[in-house]
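Trainee: I have a structure I would like to understand better, so I am pasting it below and will then ask my questions one at a time.
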Amino acid sequence: MPWNEGDHRRKFMRAHGTATDFRGTVKDELVLWGEWEPQSRVVETYRDSKPDHPRFLQDPFWEPVTPPRWVQNTDPFVFGDEFHYTGCQQDRMIGGRRRPTQLRHLSRGSVILFGSCRHDRFVLDTCFVVADHVDHGPANRDSALDGVISETYRNVVIEPWYFKPPLAYQSFRLYSGATPDAPVDGMFSFAPCALRSERPSGFARPVIELPEAITDNHKQSFRLNPQGSVADAARLWRAVAEQVLRTGLVLGTRFELPPRGA
């Protein structure tokens, strides 16, 4: 499949990685739903796909876009030693000017649930826990991000993001996700996943029900849920993780970077 030049999409992919169910950790070939806008290779077609299950299994990879042109960026990004999120919905047009949203000012310990609305239910593909951040903009993007991001991330996220230069006054925040080795109040970022050997025909993204925090039919936007403390956020995070585990999935915490070239 070529690099996506349309609206954001989710893919069902395989990747070697690390996952946990709180009782133990496994390193193996995993399958997951996630955003990956660069190229990918279809390695399996599910002929009798169930509703909301994948139709294809894909291997993600990337090659530079030739000739250079705008292509879709991958946000959030779950590959590598830590998850990253930057840019998406961090500003809006208000009063004739692009102005930052609250997503531009998240604090350590904030939890972001990335997902979709399917049949008026929220389905999860990424649970992101904010650990650290770096601000960047048109004037300093290279210097600010040098040594913080991988070559892969720079090519598949930052370069597409800045292909159509933002206005000079705009800036964005690159968030790095918490990991099991460096959690925030016990929380870490994860993507629901499974061992490929255990889900040979894939799986549907897990439905998450948190009436106090999630609007099931909220589409193409975000909802803020201020919490009194990081401990309060951790309580909701644990509820999300437990709902994922009850579906028989595990929490993927690290996925190898897709290679350059198929």
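The values are calculated or read from the model by the stated rules, or taken from the named source; none is laboratory data. It should be emphasised that the depicted structure is a prediction, and the values quoted were computed from it without experimental measurement. Glycine also receives a Cβ, built like all others from the backbone with ideal geometry; neighbour counts cover every protein chain displayed.
Trainee: Filter segment 54-110 for residues that are touching a strand residue (DSSP E or B) at 6+ places or on another chain (Cβ under 9 Å), under 20 Å from residue 10 (Cβ atoms) and among the β-branched types (Val, Ile, Thr) and give the result.
Mentor: 74, 78, 86
Trainee: Confirm whether residue 204 is in contact (Cβ under 8 Å) with a residue 12 or more places away in the chain, under 26 Å from residue 246 (Cα atoms) and either among the acidic types (Asp, Glu) or outside any strand (DSSP E or B) (or both). Please lay out each step first, then the result.
Mentor: Working: in contact (Cβ under 8 Å) with a residue 12 or more places away in the chain: yes; under 26 Å from residue 246 (Cα atoms): yes; either among the acidic types (Asp, Glu) or outside any strand (DSSP E or B) (or both): yes.
Yes: the conditions hold for residue 204.
Trainee: Let me ask something else about it. Restricting the search to segment 221-259, which residues are part of a helix (DSSP H, G or I) and among the basic types (Lys, Arg)?
Mentor: Within segment 221-259, 235, 238, 246 qualify.
Trainee: Moving to a separate point now. In segment 140-171, which residue that is hydrophobic (A, V, I, L, M, F, W, C) and not in a helix (DSSP H, G or I) is nearest to residue 76 (Cα to Cα)?
Mentor: 149
Trainee: Against the definition (over 18 Å from the mean Cα position of the chain (by Cα) and in contact (Cβ under 8 Å) with a residue 40 or more places away in the chain), how does residue 146 come out, yes or no?
Mentor: Criteria not met by residue 146.
Trainee: Turning to a different aspect of this structure: If you check residue 116 against the conditions, is it farther than 22 Å from residue 180 by Cβ, surrounded by fewer than 17 Cβ atoms within 10 Å (Cβ to Cβ), in contact with a strand residue (DSSP E or B) (Cβ under 9 Å, 6 or more places away or on another chain) and of a type outside the set (D, E, K, R)? It would help to see each step written out before you state the result.
Mentor: Values: farther than 22 Å from residue 180 by Cβ: yes; surrounded by fewer than 17 Cβ atoms within 10 Å (Cβ to Cβ): yes; in contact with a strand residue (DSSP E or B) (Cβ under 9 Å, 6 or more places away or on another chain): yes; of a type outside the set (D, E, K, R): yes.
Spelling it out, residue 116 is indeed farther than 22 Å from residue 180 by Cβ, surrounded by fewer than 17 Cβ atoms within 10 Å (Cβ to Cβ), in contact with a strand residue (DSSP E or B) (Cβ under 9 Å, 6 or more places away or on another chain) and of a type outside the set (D, E, K, R).
Trainee: Filter segment 149-175 down to residues that are farther than 16 Å from residue 101 by Cβ and exposed (fewer than 15 other Cβ atoms within 10 Å of the Cβ) and give me whichever is modelled with the highest pLDDT.
Mentor: 151
Trainee: Additional query: Which is more than 21 Å from residue 160 (Cα to Cα) and charged (D, E, K, R), of 55, 69?
Mentor: Being more than 21 Å from residue 160 (Cα to Cα) and charged (D, E, K, R) holds for just one of 55, 69, which is 55.
Trainee: Please give the strands (runs of 3 or more DSSP E) falling wholly within segment 1-87 in which 2 or more residues are touching a Leu at 6+ places or on another chain (Cβ under 8 Å) and loosely packed, with under 14 Cβ neighbours inside 10 Å.
Mentor: Result: 25-34, 40-45.
Trainee: Sticking with this one: For residues that are within 16 Å of the chain's Cα centre (by Cα) and aliphatic (A, V, I, L, M), scanning just segment 107-142, find the one that is farthest from residue 193 (Cα to Cα).
Mentor: Filtering segment 107-142 for residues that are within 16 Å of the chain's Cα centre (by Cα) and aliphatic (A, V, I, L, M), the one farthest from residue 193 (Cα to Cα) comes out as 131.
Trainee: Just one of the numbered conditions (1) hydrophobic (A, V, I, L, M, F, W, C); (2) closer than 21 Å to residue 245 by Cβ; (3) loosely packed, with under 11 Cβ neighbours inside 10 Å is not true of residue 94; which one?
Mentor: Unmet condition: (2).
Trainee: So, one more: Determine whether residue 205 is modelled with pLDDT of 95 or more and not β-branched (Val, Ile, Thr).
Mentor: Numbers: modelled with pLDDT of 95 or more: yes; not β-branched (Val, Ile, Thr): yes.
Here the answer is yes, as residue 205 does meet what is asked.
Trainee: Could you check how many residues of segment 120-143 are without any contact (Cβ under 8 Å) to a residue 24 or more places away in the chain and of a type outside the set (D, E, K, R)?
Mentor: So the count comes out to 2.
Trainee: Out of all the residues in segment 89-109, which are assigned to a loop (DSSP other than H, G, I, E, B), without any contact (Cβ under 8 Å) to a residue 40 or more places away in the chain and closer than 22 Å to residue 6 by Cα?
Mentor: Correct list: empty.
Trainee: A follow-up question, please. Given the structure, is residue 72 at pLDDT 95 or above and touching a Gly at 6+ places or on another chain (Cβ under 8 Å)?
Mentor: Yes; evaluated as a whole, the condition is true for this residue.
Trainee: Return the residues of segment 176-194 that are of a type in the set (A, V, I, L, M), part of a strand (DSSP E or B) and surrounded by 14 or more Cβ atoms within 10 Å (Cβ to Cβ); say none if nothing qualifies.
Mentor: Across segment 176-194, the qualifying residues are 184, 187, 191, 194.
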